[in-house]
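All of the numbers you see were taken from the coordinates with simple rules; none came from a lab. Keep in mind it's a predicted model, so treat the numbers as computed, not measured. Using ideal geometry, Cβ is built from the backbone for each residue, glycine included, and neighbour counts are taken over all protein chains shown.
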């Protein structure tokens, strides 16, 4: 399940405030994990998520990795994705 589609363009497209950053995406990704874990109808969360699916327009993948994204959410990730 993809969590976010081109979050580096959210602010540019008016979906988030101008100040939206990789750290904000990191926080939102964690909120999705928590919500999935709290939903008793969802059997498994580990290894099923895909992100960040960057457009590589306003952020680089490294900017997201520097938030601790891979280290902190690795067990929940099926794949890391970047769009070009």
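Which residue out of 25, 20, 10 is surrounded by 14 or more Cβ atoms within 10 Å (Cβ to Cβ) and in contact with a helix residue (DSSP H, G or I) (Cβ under 7 Å, 6 or more places away or on another chain)?
Values: 20 fails: in contact with a helix residue (DSSP H, G or I) (Cβ under 7 Å, 6 or more places away or on another chain); 10 fails: in contact with a helix residue (DSSP H, G or I) (Cβ under 7 Å, 6 or more places away or on another chain).
Criteria check complete, one pass: 25.
If you filter segment 49-84 down to residues that are farther than 19 Å from residue 23 by Cβ and surrounded by fewer than 14 Cβ atoms within 10 Å (Cβ to Cβ), you find that the one that is farthest from the chain's Cα centre (by Cα) is 84. Within segment 29-49, residues that are over 17 Å from residue 69 (Cβ atoms) sit with their Cβ atoms under 7 Å from residues that are surrounded by 15 or more Cβ atoms within 10 Å (Cβ to Cβ), at 6+ positions apart or across chains, in these pairs: 37/45; 42/36.
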